[in-house]
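Undergrad: Pasting a structure here, questions to come.
The values are calculated or read from the model by the stated rules, or taken from the named source; none is laboratory data. Every value quoted in this text rests on a predicted model; they were computed, and no experiment measured them. We place every Cβ from the backbone using ideal geometry, glycine too, and count neighbours over all the protein chains shown.
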Amino acid sequence: MNISNELPEKVTTIRQVDKVVVRFSGDSGDGMQLTGMQFTDTAALAGNDTTTFPDYPSEIRAPVGTVAGVSGFQVHFGSTEIYTAGDSFDVIVAMNAAALKVDMPRLKKGGIIIANLQGFDKKNLALAEYPDGVNPLEDSSLENYIVHKVDITKLTKECLAGSGLGMKEIDRSKNMFVLGLLLWMFDKTLDNTIQFIQDKFSKKPEIADANIKVLKAGFNYGESAEIFTTQFKIAPARLPSGTYRNITGNHAAAIGLVAASEKSGLPLFLGSYPITPATDILHDLSKYKGNGVKTFQAEDEIAAICSSIGASYTGSLAVTTTSGPGMSLKTEALGLAAMLELPLVVIDVQRGGPSTGLPTKTEQSDLLMAMHGRHGEAPLPVLAASSPSDCFETVYEACKIAVEHMTPVIVLSDGYIANGSEPWRFPKDEDLASIKVNFLKEANGENGKVLPYKRDENLVRPWIKAGTKNLEHRIGGLEKENDTGNVSYEAKNHEKMTKLRAEKVKRIQSFIPPAKIDNGNERAKLLVLGWGSTYGAIKTAVKESIDEGFDVAHIHLRYINPLPKNLGWLLFGFEKVLIPEMNSGQLLQLIRAEFLIPATGFSKVQGLPFTTAEIKERIIRMS
Amino acid sequence: METLSLDTNEKLNPKDFSSGMEVKWCPGCGDYSILKQVQTIFPDLGIEKEKFVFISGIGCSSRFTYYMDTYGIHSIHGRAAAIASGVKAANPDLDVWIVSGDGDAFSIGGNHFIHLMRKNFDVNYLVFNNQIYSLTKGQYSPTSERGKITKSSPYGSIEEPFNPSELALGAKASFVSRTLDREPKHMQTMLKRAHAHKGTSFVEVYQNCPVFNDGTFFPFSDKETKKEEALFLENGKPLIFGNNEDKGIRLDGLKPVVVDLNSNGFSASDLWIHDENDKTKANLISRFFDAEFNDTFPRPFGVIYAEERPVYEEDMQHQIEEIKTKKGKISLNKILSGDKTWNIL
């Protein structure tokens with residue numbers, strides 16, 4: 001079939017736009033995540049700034065065609081800087097009726113719907129629970145939108161007729177038709193995707209050829225079908241000059257660990273147990289065996305952290321990765337690690353809780369657990385990453401602090417930034433801060449005595465690698481005497497050691513950068529104080545508010561324990577402080593308790609990130 | 001079997017392994033004997049002192065770590081095996097010993113126990129089994145017998161105990177053995193065998209708790225009863241026991257039967273010959289413990305099962321080396337940039 005020969009007269013209008021939000025939406029098995037990621041990669045390679053938001057159900061294959069089974073991938077791309085995945089969509093690709101039903105409420109007025117016709121047959125409409133006889137594509141409910149009904153399933157079948165592939169395989173490639181069509185719509189090339197398909201199916205050339213054929217068919221369809229009259233052009237973004245790549249938060253965390261291992265010269269050991277949404281870090285690190293990375297898939301969350309403690313005792317850069325429920329299981333061992341004063345990095349990729357909660361949805365509800373979730377008093381440094389690429393720097397920093405201050409460090413990420421992606425002007429090897437490792441080489445006490453808890457001026461004890469000659473020593477969970485590490489039940493000693501351990505963590509304040517204003521000025525009336533993945537939404541909201549004349553500023557925290565030294569002074573300068581969080585007010589509690597200021601909280605606990613509009617509305621209300 | 005040897009001529013002696021810390025077990029505790037046997041055989045193992053690492057959990061047994069002048073972590077309840085896995089995976093050169101009790105290993109640490117056996121790290125796992133919780137002052141443990149009267153079971157325990165060697169075999173242990181505190185020479189042999197075995201070596205040590213469970217294992221060591229109640233296994237030798245070495249065990253199909261060597265016309269050559277490498281037989285031996293056999297069968301001590309199979313940390317290392325050779329190390333700059341980049345001018 002060659003449509004272009006049949007329709008030689010088609011005229012296409014080209015419109016320049018600044019930014020667009022596209023939502024790919026379909027069944028869990030429709031391949032929307034892959035389609036979205038490929039589209040994003042192509043947009044990024046073309047120089048657009050991008051932010052993505054994969055939004056999928058926790059079931060691997062929820063009942064086909066139902067609302068519960070809808071898997072969405074949202075990409076916001078543009079020629080200006082993009083900090084969020086977008087509040088609402090310009091374009092929805094709806095592979096079935098359920099997808100449209102779920103995502104319709106957030107389509108902008110006048111937005112474009114590309115609907116897969118066969119996904120709106122009687123069966124699919126019933127599965128999506130539309131009332132009998134109602135089809136949104138055929139009644140007037142979509143008259144304020146531009147609707148393109150495309151029989152993607154049929155067109156894909158026709159394209160692959162005679163390919164020798166089975167119906168199942170043919171049906172599976174329909175997402176490539178969608179991708180081809182969208183790439184045409186936004187004036188992107190197919191090269192990147194063709195390369196991707198060839199690499200992915202290098203051992204199955206017939207599948208590769210079929211997918212490429214369907215991809216091209218989708219592209220050609222856009223070019224030639226009369227219904228598509230407009231193409232959108234988005235110029236490359238004016239980002240700071242440099243070399244960029246696209247990165248997700250989990251991958252950034254993984255390579256942050258590898259980088260810290262390389263720069264410190266310490267072998268990397270990851271003890272981990274699979275848990276959504278943290279598992280990709282385990283997957284990614286398992287690929288770096290060639291760099292000597294050891295990944296240990298432990299029998300449970302407890303063994304995961306315990307094996308890491310063991311590895312740390314032998315002088316490895318030891319890490320464990322998890323999400324909320326796993327974090328709870330690790331808390332006893334975290335107490336041990338705090339007591340032993342061994343370096344350890346714990347990455348908690350937060351999700352909706354408590355219990356199994358919303359495993360694939362995002363939340364910032366583990367902050368207080370990270371701060372206080374241990375038996376006894378065991379303060380630990382807590383850092384939070386603010387964007388996908390920031391996971392790299394935050395994890396790298398965490399490794400540096402853990403090793404240089406002999407302490408476990410907790411890193412908080414969350415489902416939104418872990419799976420979301422953005423372009424990243426990545427650093428070079430030589431740009432990365434050095435990580436100082438000082439293993440004890442010889443006895444540090446008199447007469448060859450080993451003093452495992454003899455502290456330096458920062459109260460840091462020496463790291464003694466098991467296996468070092470003449471430095472045999474025992475450490476343990478029982479309270480110990482300073483210097484010698486000998487077990488001590490002496491009353492005053494326990495108080496002294498409790499204070500020493502806390503003070504050691506507190507002194508890290510002198511090694512972290514001061515808090516700084518991200519946007520606005522120090523004399524503004526209102527401060528929006530954020531932490532973690534709310535960065536993009538707050539940044540955009542504050543920026544837009546300032547442009548509209550509101551007196552507002554933004555500070556975003558990476559270091560939550562200890563807090564930056566200057567934070568109090570900065571906070572006291574603002575009349576009002578607003579703290580938006582995807583929890584019921586956890587940083588709010590910490591800030592109020594620490595600085596005794598009447599900060600105002602703004603909660604969202606829906607498993608979804610804040611929209612810019614939600615935060616902006618609060619800013620306006622408080623201004 | 002040892003691959004490491006001392007590079008100096010100075011021979012260590014048992015005292016070199018004493019940390020000098022005051023040992024605080026109760027007088028008469030079986031743990032003293034275990035500490036002594038370990039310290040006695042260590043100089044003979046031919047390992048540099050700094051390579052030894054002891055990892056223990058919580059319980060009376062787990063204080064062991066503090067008394068050895070080696071590297072060690074006295075950790076948290078039940079987790080010694082998990083910590084030891086990390087130690088051995090991260091540094092396969094270390095000579096790792098896990099010290100645990102019946103509660104620590106089989107109850108709170110049960111999951112780590114079975115997975116350690118399955119993964120087969122080359123470590124030694126000593127479980128001091130006294131069939132009671134002692135550090136918490138006397139509650140029934142997962143190895144206490146049904147009906148056991150303790151503070152938490154004043155009317156008798158209603159739980160079926162674990163059979164540790166059967167549990168270990170079921171978890172695919174590659175070395176399963178049993179010894180007891182009152183048989184120092186036998187224990188030394190078992191410790192040496194465990195150390196020589198490449199893979200996870202499980203040594204169950206019957207250990208008397210004089211305070212909360214005194215005398216539980218005395219039938220296996222008291223002169224008057226020992227010969228009838230205990231069977232000391234030797235590889236390649238027939239299963240013979242009894243006061244006058246007049247009883248034997250033979251296999252009737254897959255059914256073990258106790259036979260009288262004097263009266264029934266059976267001689268040693270009719271008996272079951274112990275074969276450490278035979279898993280079917282090992283399973284049967286481990287079941288002498290069960291009610292079905294317990295009354296008439298002696299309790300076996302010695303190496304019940306031994307099998308050479310791949311050890312975790314070596315496979316892990318091999319895989320790394322293989323990938324290093326095949327794909328090489330990726331430069332940090334390449335890791336940072338990934339495969340696809342673009343420039344913005």
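Undergrad: Condition check: more than 22 Å from A:Ser603 (Cα to Cα) and outside the structural domain of A:Arg618 (by TED's automatic domain parsing). Does A:Arg501 satisfy that?
TA: Here the answer is yes, as A:Arg501 does meet what is asked.
Undergrad: Of the conditions (1) surrounded by fewer than 22 Cβ atoms within 10 Å (Cβ to Cβ); (2) over 30 Å from A:Arg15 (Cβ atoms), A:Leu160 fails just one. Which one is it?
TA: (1)
Undergrad: Separate question: When the residues of region B:300-345 are filtered to those that are in contact with a Ser or Thr (Cβ under 6 Å, 6 or more places away or on another chain), more than 7 Å from chain A (Cβ to nearest Cβ) and not hydrophobic (A, V, I, L, M, F, W, C), which remaining residue is surrounded by the fewest Cβ atoms within 10 Å (Cβ to Cβ)?
TA: Within region B:300-345, the match that is surrounded by the fewest Cβ atoms within 10 Å (Cβ to Cβ) is B:Arg309.
Let's see how each residue does on (1) in the same structural domain as A:Glu481 (by TED's automatic domain parsing); (2) farther than 22 Å from B:Ala81 by Cβ; (3) touching a residue at least 12 places away in the same chain (Cβ under 8 Å):
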site: A:Leu268; (1), (2), (3): no, yes, yes
site: A:Lys289; (1), (2), (3): no, yes, no
site: A:Gln297; (1), (2), (3): no, no, yes
site: A:Ile302; (1), (2), (3): no, no, yes
site: A:Ile305; (1), (2), (3): no, no, yes
site: A:Ala338; (1), (2), (3): no, no, yes
site: A:Val346; (1), (2), (3): no, no, yes
site: A:Gln350; (1), (2), (3): no, yes, yes
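Undergrad: How many residues, within region B:48-65, are touching a strand residue (DSSP E or B) at 6+ places or on another chain (Cβ under 8 Å), more than 23 Å from B:Gln131 (Cα to Cα) and more than 7 Å from every other protein chain (Cβ to nearest Cβ)?
TA: 1
Yes/no per residue for (1) closer than 23 Å to A:Thr248 by Cα; (2) under 27 Å from the mean Cα position of the chain (by Cα); (3) surrounded by fewer than 16 Cβ atoms within 10 Å (Cβ to Cβ); (4) not assigned by TED's automatic domain parsing to the domain that holds A:Ala613:
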position	(1), (2), (3), (4)
A:Phe53	yes, yes, no, yes
A:Gly72	yes, yes, no, yes
A:Asp103	no, yes, no, yes
A:Asn116	no, no, no, yes
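Undergrad: Counting only residues that are within 14 Å of the chain's Cα centre (by Cα) and buried (at least 24 other Cβ atoms within 10 Å of the Cβ), which one in region A:391-400 is nearest to A:Gly536 (Cα to Cα)?
TA: Of everything passing the filter in region A:391-400, A:Cys391 is nearest to A:Gly536 (Cα to Cα).
Undergrad: Identify, please: which residue in region B:278-295 is modelled with pLDDT under 95 and in a helix (DSSP H, G or I) and is, among those, surrounded by the fewest Cβ atoms within 10 Å (Cβ to Cβ)?
TA: Step by step, filter region B:278-295, then rank; the result is B:Ala291.
Undergrad: Would you confirm whether any residue within region A:464-474 is away from chain B (no Cβ under 12 Å) and either over 15 Å from B:Thr70 (Cα atoms) or in a loop (DSSP other than H, G, I, E, B) (or both)?
TA: No, region A:464-474 contains no residue that is away from chain B (no Cβ under 12 Å) and either over 15 Å from B:Thr70 (Cα atoms) or in a loop (DSSP other than H, G, I, E, B) (or both).
Undergrad: Criterion first (among the hydrophobic types (A, V, I, L, M, F, W, C), under 26 Å from A:Tyr396 (Cβ atoms) and part of a loop (DSSP other than H, G, I, E, B)) does A:Leu380 satisfy it?
TA: It is true that A:Leu380 is among the hydrophobic types (A, V, I, L, M, F, W, C), under 26 Å from A:Tyr396 (Cβ atoms) and part of a loop (DSSP other than H, G, I, E, B).
Undergrad: Please state which one of A:Leu451, A:Leu367, A:Leu412, A:Leu383 is at pLDDT 95 or above, away from every other protein chain (no Cβ under 14 Å) and either over 23 Å from the mean Cα position of the chain (by Cα) or over 18 Å from A:Gln350 (Cβ atoms) (or both).
TA: From the options A:Leu451, A:Leu367, A:Leu412, A:Leu383, the qualifying one is A:Leu451.
Undergrad: Sticking with this structure for a sec: Please determine whether any residue of region B:112-127 is more than 8 Å from chain A (Cβ to nearest Cβ), buried (at least 24 other Cβ atoms within 10 Å of the Cβ), outside any loop (DSSP other than H, G, I, E, B) and touching an Asp or Glu at 6+ places or on another chain (Cβ under 6 Å).
TA: Checked against the condition, which is being more than 8 Å from chain A (Cβ to nearest Cβ), buried (at least 24 other Cβ atoms within 10 Å of the Cβ), outside any loop (DSSP other than H, G, I, E, B) and touching an Asp or Glu at 6+ places or on another chain (Cβ under 6 Å), region B:112-127 yields at least one hit.
Undergrad: Condition first: more than 7 Å from every other protein chain (Cβ to nearest Cβ) and among the hydroxyl-bearing types (Ser, Thr, Tyr). Now tell me which residues in region B:66-84 satisfy that.
TA: The one that is more than 7 Å from every other protein chain (Cβ to nearest Cβ) and among the hydroxyl-bearing types (Ser, Thr, Tyr): B:Tyr67.
Undergrad: Might you check whether a residue that is crowded, with 18+ Cβ neighbours inside 10 Å, assigned to a loop (DSSP other than H, G, I, E, B) and out of contact with any helix residue (DSSP H, G or I) (no Cβ under 7 Å at 6 or more places or on another chain) occurs anywhere in region A:592-603?
TA: No.
Undergrad: I've got another one for you. Scan region B:12-34 for residues that are closer than 25 Å to B:Lys198 by Cα and within 14 Å of chain A (Cβ to nearest Cβ) and report the count.
TA: Total meeting the criteria: 2.
Undergrad: I would also like to ask the following. Which one of A:Ala384, A:Ala378 is touching a residue at least 24 places away in the same chain (Cβ under 8 Å), over 22 Å from A:Val437 (Cβ atoms) and surrounded by 24 or more Cβ atoms within 10 Å (Cβ to Cβ)?
TA: Of A:Ala384, A:Ala378, the one residue that is touching a residue at least 24 places away in the same chain (Cβ under 8 Å), over 22 Å from A:Val437 (Cβ atoms) and surrounded by 24 or more Cβ atoms within 10 Å (Cβ to Cβ) is A:Ala384.
Undergrad: How do the strands (runs of 3 or more DSSP E) wholly within region A:228-331 filter down when requiring 2 or more residues that are aliphatic (A, V, I, L, M) and either over 22 Å from the mean Cα position of the chain (by Cα) or buried (at least 21 other Cβ atoms within 10 Å of the Cβ) (or both): which remain?
TA: Of the strands (runs of 3 or more DSSP E) lying wholly inside region A:228-331, those with at least 2 residues that are aliphatic (A, V, I, L, M) and either over 22 Å from the mean Cα position of the chain (by Cα) or buried (at least 21 other Cβ atoms within 10 Å of the Cβ) (or both) span A:268-272, A:317-322.
Undergrad: Kindly indicate which of B:Asp102, B:Asp31 is at pLDDT 95 or above, in contact with a strand residue (DSSP E or B) (Cβ under 9 Å, 6 or more places away or on another chain), of a type in the set (D, E, K, R) and closer than 17 Å to B:Pro184 by Cβ.
TA: After applying the criteria, what remains is B:Asp31.
Undergrad: Within the group A:Glu363, A:Glu430, which residue is assigned to a loop (DSSP other than H, G, I, E, B) and over 21 Å from B:Ile73 (Cβ atoms)?
TA: Within the list A:Glu363, A:Glu430, the selection yields A:Glu363.
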